[in-house]
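**Student:** So that we are looking at the same thing, I have put the structure below in structure tokens.
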Amino acid sequence: AVLFKEKRSKSGDVEVTGKTTKASPQMSLLTKEGLVFVITLAADYWQEISDGQRIALLDHHLSACRAEEKDGGMMRYYVSPPDLGFYRDELERHGCWRTSGATLSLETLGALFGADEV
């Protein structure tokens, strides 16, 4: 399900324009098929962005929705964190030091933050 709330919120100094969660048991009762995930988007942000940005925002949240079949055919549903999670300061001091997940080349980091920043 995709729901809209009136305004975006903040977490520290970062605007939160959407959130992906597993549906509560009560929420999943609202449809015949049952809901597995709920994506909540900020309506004020949605009105400000282009159609292409809206597609990208939805794709971002849909990418977090994961399912895997376990032994015996049971399904496991979960919200996956993003593949990349880092702070700009951390990258500037240590580069891409993590040993799990995606790694970034200096060229990619330069494209993200500007060639003079890395």
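**Student:** Confirm whether Lys7 is at pLDDT 95 or above, farther than 26 Å from Leu84 by Cβ and open to solvent by 90 Å² or more (accessible area, probe 1.4 Å). Lay out the reasoning, then the answer.
**Tutor:** Values: at pLDDT 95 or above: yes; farther than 26 Å from Leu84 by Cβ: yes; open to solvent by 90 Å² or more (accessible area, probe 1.4 Å): yes.
Judged against the criteria, Lys7 is a match.
Listed here are the residues, each with its yes/no results for (1) without any contact (Cβ under 8 Å) to a residue 60 or more places away in the chain; (2) exposed (fewer than 12 other Cβ atoms within 10 Å of the Cβ); (3) among the hydrophobic types (A, V, I, L, M, F, W, C).
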residue: Leu30; (1), (2), (3): yes, yes, yes
residue: Glu33; (1), (2), (3): yes, yes, no
residue: Thr40; (1), (2), (3): yes, no, no
residue: Lys70; (1), (2), (3): yes, yes, no
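**Student:** Another question, if that's okay. Just one of (1) exposed (fewer than 13 other Cβ atoms within 10 Å of the Cβ); (2) free of Cβ contacts under 8 Å to residues at least 40 places away in the same chain trips up Ala1, so point out which.
**Tutor:** Checking Ala1 against (1) exposed (fewer than 13 other Cβ atoms within 10 Å of the Cβ); (2) free of Cβ contacts under 8 Å to residues at least 40 places away in the same chain, the one that fails is (1).
**Student:** If you check Leu30, Leu35, Leu57, which single one turns out to be part of a loop (DSSP other than H, G, I, E, B) and touching a Ser or Thr at 6+ places or on another chain (Cβ under 8 Å)? Steps first, answer last, please.
**Tutor:** Values: Leu30 fails: touching a Ser or Thr at 6+ places or on another chain (Cβ under 8 Å); Leu57 fails: part of a loop (DSSP other than H, G, I, E, B).
Result: Leu35 is the single residue among Leu30, Leu35, Leu57 that is part of a loop (DSSP other than H, G, I, E, B) and touching a Ser or Thr at 6+ places or on another chain (Cβ under 8 Å).
**Student:** Go through the range 10-28 and report how many residues are under 30 Å from Met75 (Cα atoms) and open to solvent by 40 Å² or more (accessible area, probe 1.4 Å).
**Tutor:** Kept after step one, since they are under 30 Å from Met75 (Cα atoms), are these residues of the range 10-28: 16-28.
Applying the additional criterion that residues be open to solvent by 40 Å² or more (accessible area, probe 1.4 Å) yields 16, 19, 21-22, 24-27.
So the answer is 8.
**Student:** Continuing with this model, one more query. Answer yes or no as to whether Arg76 is at pLDDT 95 or above, open to solvent by 60 Å² or more (accessible area, probe 1.4 Å) and closer than 23 Å to Ser24 by Cβ.
**Tutor:** Values: at pLDDT 95 or above: no; open to solvent by 60 Å² or more (accessible area, probe 1.4 Å): yes; closer than 23 Å to Ser24 by Cβ: yes.
Criteria not met by Arg76.
The values are calculated or read from the model by the stated rules, or taken from the named source; none is laboratory data. The model shown is predicted, which means the values in this text are computed figures rather than measured ones. Reconstructed Cβ throughout: ideal geometry from the backbone, glycine too, with neighbour counts over all protein chains shown. We work out accessible area using only protein heavy atoms, side chains counted, and drop any ligands, DNA or RNA first. Shrake-Rupley method; radii C 1.70, N 1.55, O 1.52, S 1.80 Å.
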